[in-house]
Amino acid sequence: MPEHTAASRLRLSGLCFLLQILNILLFAAFVRYSPGGSPGPCPPQLNCSRRSPASAFQQPRFQDAHIQVLLSFGLLVAFLSRYGPGSAASSILVTAFAIQWALLIQGFFYFFLNGKIYVEAQSLVSADFCTAAVLISSGAVLGRVSPGQMLLLALLEVSLCTLSEYILLGLMAVSDSGRSLTVHTFGAYFGLAVSRVLQQPHKDKRKREEQRDKGQQTDVFAVVGTIYLWIFWPSFTSSTTAHHNAENWAVLNTYFSLVASTVATFILSPLLYEESTPRMVQIQDATLAVMAMMGMAGEMLATPFGALIAGFLVGLISPLGSRFFTPLLHSRLKIQDTCGVHNTHGLPGVLGALLGTLLTLLATADTYGYSSPLEGITQSQEPVASSPKPVPSVACRLELVFPLVAQGSRTVPEQALMQLGALPLTLLLAALGGSLTGAVLKIRVPRCCRDAQYKENAAFREVPEEGS
Amino acid sequence: MPEHTAASRLRLSGLCFLLQILNILLFAAFVRYSPGGSPGPCPPQLNCSRRSPASAFQQPRFQDAHIQVLLSFGLLVAFLSRYGPGSAASSILVTAFAIQWALLIQGFFYFFLNGKIYVEAQSLVSADFCTAAVLISSGAVLGRVSPGQMLLLALLEVSLCTLSEYILLGLMAVSDSGRSLTVHTFGAYFGLAVSRVLQQPHKDKRKREEQRDKGQQTDVFAVVGTIYLWIFWPSFTSSTTAHHNAENWAVLNTYFSLVASTVATFILSPLLYEESTPRMVQIQDATLAVMAMMGMAGEMLATPFGALIAGFLVGLISPLGSRFFTPLLHSRLKIQDTCGVHNTHGLPGVLGALLGTLLTLLATADTYGYSSPLEGITQSQEPVASSPKPVPSVACRLELVFPLVAQGSRTVPEQALMQLGALPLTLLLAALGGSLTGAVLKIRVPRCCRDAQYKENAAFREVPEEGS
Amino acid sequence: MPEHTAASRLRLSGLCFLLQILNILLFAAFVRYSPGGSPGPCPPQLNCSRRSPASAFQQPRFQDAHIQVLLSFGLLVAFLSRYGPGSAASSILVTAFAIQWALLIQGFFYFFLNGKIYVEAQSLVSADFCTAAVLISSGAVLGRVSPGQMLLLALLEVSLCTLSEYILLGLMAVSDSGRSLTVHTFGAYFGLAVSRVLQQPHKDKRKREEQRDKGQQTDVFAVVGTIYLWIFWPSFTSSTTAHHNAENWAVLNTYFSLVASTVATFILSPLLYEESTPRMVQIQDATLAVMAMMGMAGEMLATPFGALIAGFLVGLISPLGSRFFTPLLHSRLKIQDTCGVHNTHGLPGVLGALLGTLLTLLATADTYGYSSPLEGITQSQEPVASSPKPVPSVACRLELVFPLVAQGSRTVPEQALMQLGALPLTLLLAALGGSLTGAVLKIRVPRCCRDAQYKENAAFREVPEEGS
């Protein structure tokens, strides 16, 4: 290997060292454990009415916190199926760094009190949402940036993602429990914007062809990835919905959408490609697309057939996008999308936001809250035996999904407008942030070293291909 | 590819489309969420005494509901090790369709009230049991039917499986919490009956030989599949046992059987095959066999050594069946069994039913209920602190496993007779239903297209073999 | 194959049969289910104050019990990445046997009452800890002992491991919830001692070279293994900490260490090896090392940055050990270490014990218990709604981590001395026990059959290599 590569290896090593030391120092200065697992101090500008009941039964949160990390790894496994084990190492590096950094940045935004950030299991969940966005973005540029550039991307994107989350969830009080917008849409379009800026016309095209179809290996990862997603993602989608019953619906809604979307894949696949059954990667894409779409709508959809229809549509639209829109993206807009994040996260996220707006318009105390009186009766009849859960469990569903609407401080159309307005805002933030990040990544590599840099990437990337 | 194949591809696409639209329409007409997670309305002919305490602490049910789907995928992974990733796509299609269909059919049987089916997490669990039966059946005919035929098989089997479940669990009040009979035995013999009807003498034999020994790939799937089963299936076996303590025993019993069965595999393997250690596929088969056997007996076995003995015996019988009985099945009865479901589900299910009958005969309030007074005392001494669980947790174990016996409306020998009588009934229903389904699948493929159909299957099947 | 091999195959079969029958007889004579899931009878010489609150909310224990078995399998998967699927079969055999044997041996030590051993889910967790130690030890000698020898190793090591656990946790009241000492350190040095005794100078060297770098296959297992560990091990580390809040910290501490250690791997890898990014196996090793280190310290570390620093250091030390110390071990001490257990379990375990001692010295009611008054207030204000957990949840953290210190019967320096003294004691027991076991394994193979034995191992070992 040429000396350029040796230098860049040491550069990565040094960068990791600096960033980790920085993290340790910042943690030492600011981060403390939330005392005794009690509800963390919460600044008044946040919708804390929603988080406080959650802290009352934290046992399930724990399990969720474990599972969140898997979420990131679910993504990782998903990308593995497209890109082989060689991508795993750098993705894990990004995950490890982004979790720490997100805890810090989110701490400064949300949990900063008396000069300290108090973390608890819930903080880790939030940090992992951010990490997921970074992993989605990295999916768009995988194989074309070095691990060092990935770290810089994570550094910048975590900050911007937290900012967007703060504006949407904190200031605008948008209901987006599964993070259709702040994770999936933001992550995908951020990554695409970075990809656009970093684009190298004549070289990338060749690369792109050769990294398709890794054969058998790919299928194994796609099978494992799909199973991971089916098992754990429904509970992930519902992990931030505080209320027991609402969680119930979010899980069921996600399942119904999943199965409908899977069947839809089998409908389109024989039409679009000359295959009698879809490949596992396509089924995995349909699974991811459903997850992105149901993030916002999951806790809203009040009927099972609504979930079926939503899943069915996204299962049809996502492969169509992959077939007809991705080539357009590539040829017209010069945007490359290594792992197809636009069809699995971006487009479904946008659809999810539109669906969420529609469902918000339909939200009345009637559709959401009719369970409340019934439960109240059950509650009063068997006061001890049937309620191992805390009292908040009898609260109106509407109050949990749209607290401001339930309190009367906002009308349903206003809330719907907020939900709709969040979409262009997210797209704008993602596009601007991504372009900015792409520009920074470009600056970092001086013109002269570009070619060496490129070789390094190639060397990095080609490790898995030797064995296959 | 010939035009026949193109036509059949479109046929699959159209079939999926029709079935999914049908599902959506039926869901729209009938299925609603159970209001507020409260205990679903329950028709009086069912043993609801058993289900009602379950709805009191639904938090664990949630986790189970997630895990159930994995059960199906566990099976799927198990089949992967025999059949390669090419089988995954069609199995996932069957799973996605069967879950929806089972929710509908089971809803009509169980939860139909005022013209609506009210679904909750528990419904998904029941639907998944049915889906597991379909997957087991499909294991017997994998590679010899097209995905379209699989869908038809699922369509018919779900209905018959629900009918059999209704008769056994609803009308006869048989105790079969892990579904040894209604899932494992029914699924296996249903699949074998279908296989018998669809059998094509001169062609299948050749196929059967070549799909053995996929080498390294196979081992990877078998390792992953075995680990999946070890981790998640014990909790699956116990997921329908309502009572906390009974659940405890079911999990422990399943574990003890598992370890004994695994050791038994190592005893027989060097004798039956010329290998010093069994291959992972054999260990996986032993794991599956234990699961099928302990379905009924899991919550009954009151001693750890009983579980060890049961596991040890099934670990010896299952490989013996695989070695000596499967060739007989094939040569005499002309029944092919692609994934060996007879030895891993059918035979152990029958053994499990016999074991369950034996244990029912031994059931007295003495063996099951002696924990009750002790717990009652604990309960009264520390009324609040030590009982985060609802009051039903002090009920007698006997009441939970055999509610009718505990209520005095049925004697122990009567219950044992019911348990025993359920076995031939299940076999009869499975054989009749399977033959019927096989006949329908045969009709659907006109004689003239048989050969093209077969080629299609071959093309479908050979996708994974290219890469290996 | 020669006749020696056939004989040895039958010997393994017979050994399995004898051991399983022995287990069944012992289980029949001694083991009973703990009545009704109530807290098991507990001999007074144990620190039962710690176990009794745990039995109050056993629901999470269940999940843990499932996950424990996976722990063993996590290890197994970890070893797979070094050794290929051929090692899986014998590891599963060892697991299946060791769980039964550990239940018996630990039962005699801890739960023996009125001539019976009463088992519950918690017993299975303890048994699985022991099994983990056996699997760690087997990692040091994998590929150089036959499955039969592995069984003997398990037979002896389980007894010695339980003895060491009894001395450390029972008699000395050392706080080691994640078992840095009794599982990781003991298992690693036990295995190394066995390896030293069994060492065969001229033959092993050649073997060792050829079993490196299995290529692509290896990477798949390493990716899956790393993901498994990330998902499940943090909850494993905290599974024996009884207190809800303490558990919280243990999980978070483990996560923080994990991410820091992963970044550290990326720092060292380019310096030590000529690779731009570490291979997945190295990341997996870092993950394992963190787990071993945080076992004891996990529930003690009271600040997030402490966890970061600890993880960072172990992430640096472990690869350095692998690079510079393992060759020394091999060349000077003639100790082979097939799967590198010294760097992933032994050394980090020792570091963990030292860190635990340091943290014990810093333990005051101030750092551990300052959450108590705050929680007490919350408790009194909302007596029913906010406390679905039993009352012990308001107890002082200190009491849970160091019960004797909290009760005043031991001072902090005394406790620290105990923690420190446990380290040389563990090393001594492991070294003596391992040497003894190695000697027994050597005796069992008479001089004359040595060569045949060796061939058998080779045949056993080479199964996976055929396919690769």
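General observations
- Residues along segment C:290-308 losing 30 Å² or more of accessible surface when the other protein chains are present rather than the chain by itself (probe 1.4 Å): C:PRO304, C:PHE305, C:LEU308
- With the whole protein complex present, C:ILE317 retains an accessible surface near 60 Å², based on a 1.4 Å probe.
- Rg and Dmax [Cα atoms of segment C:278-355; Å; Rg one decimal, Dmax integer]: 12.8, 41
- Difference of contour (0.36 nm per residue) and Cα-Cα distance, A:ILE167 to A:LEU10: 52.7 nm
- The residues C:PHE324, B:PHE111, sorted by heavy-atom accessible surface at 1.4 Å with ligands and nucleic acids left out, run C:PHE324, B:PHE111 from largest to smallest.
- The largest accessible area among A:ASP285, C:ASP337 belongs to the first residue in A:ASP285, C:ASP337, and the rest follow in falling order (1.4 Å probe, all chains).
- Residues A:GLU274, A:GLU399, A:GLU120 ordered from highest to lowest accessible area at a 1.4 Å probe: A:GLU274, A:GLU399, A:GLU120.
- Surface burial for C against A, with a 1.4 Å probe and both sides summed, reaches about 5100 Å² of accessible area.
- Low-density loop positions, trypsin sites (Lys or Arg not before Pro), segment A:292-361 - DSSP coil, at most 11 other Cβ in 10 Å: A:ARG332
- Label distances, nm, B:LEU22 versus same residue in remaining copies, Cβ-directed 7 Å point: 6.0, 6.0
- Under the simplified labelling scheme, the B:LEU320-C:LEU432 pair shows an inter-label distance of 4.6 nm, with each label point 7 Å from Cα along Cα→Cβ.
The values are calculated or read from the model by the stated rules, or taken from the named source; none is laboratory data. Treat the numbers as computed from the prediction; the structure is a model and nothing was measured. Neighbour counts run over all protein chains shown; Cβ positions are idealised from the backbone, glycine included. Areas reflect the complete protein model, heavy atoms only, side chains present, ligands, DNA and RNA absent. Shrake-Rupley method; radii C 1.70, N 1.55, O 1.52, S 1.80 Å.
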